[in-house]
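The values are calculated or read from the model by the stated rules, or taken from the named source; none is laboratory data. No experiment lies behind these values; they were computed from the predicted model shown. Don't worry about glycine lacking a Cβ; one is built from the backbone with ideal geometry, like all the others, and counts go over all protein chains shown.
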């Protein structure tokens, strides 16, 4: 294992659930911004790669939402689906719309970060399991 791989593995294990979620939202926002920029620059090949990355990130967000859990989860799911639909359009305006929605969701999760970390520290929210095969690659 390289030094970088070891560092990434350790630093990912030290992150809390909310930190990982906010990092995923941050990566999604970067991808949405880059996609809109590439559209305006008419860089089609790079744009297609960025659209794929943004789609994967949005699907990652969606995979962690149970819309049947409660009304907040249902609305969060609907907003993420809306963002996914927006990036199917070949328009910077649609990509900016998706970015605005995801930004608002990210801010909501960031605003509860301290409370979520406290709940995880007290065991009310379970820790990320050490045997988890989850990896975070947002670069």
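Counting only helices (runs of 4 or more DSSP H) wholly contained in the range 33-139, the ones carrying 3 or more residues that are touching a helix residue (DSSP H, G or I) at 6+ places or on another chain (Cβ under 8 Å), under 15 Å from residue 23 (Cα atoms) and touching a residue at least 60 places away in the same chain (Cβ under 8 Å) occupy 92-111, 113-121.
Conditions (1) within 24 Å of residue 80 (Cβ to Cβ); (2) under 18 Å from the mean Cα position of the chain (by Cα); (3) at pLDDT 85 or above, marked per residue:
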{"residue": "7", "(1), (2), (3)": "no, no, no"}
{"residue": "17", "(1), (2), (3)": "yes, yes, yes"}
{"residue": "44", "(1), (2), (3)": "no, no, yes"}
{"residue": "55", "(1), (2), (3)": "yes, yes, yes"}
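Scan the range 34-51 and give yes if some residue there is within 21 Å of residue 15 (Cβ to Cβ) and surrounded by 13 or more Cβ atoms within 10 Å (Cβ to Cβ), otherwise no. Checked against the condition, which is being within 21 Å of residue 15 (Cβ to Cβ) and surrounded by 13 or more Cβ atoms within 10 Å (Cβ to Cβ), the range 34-51 yields no hits at all.
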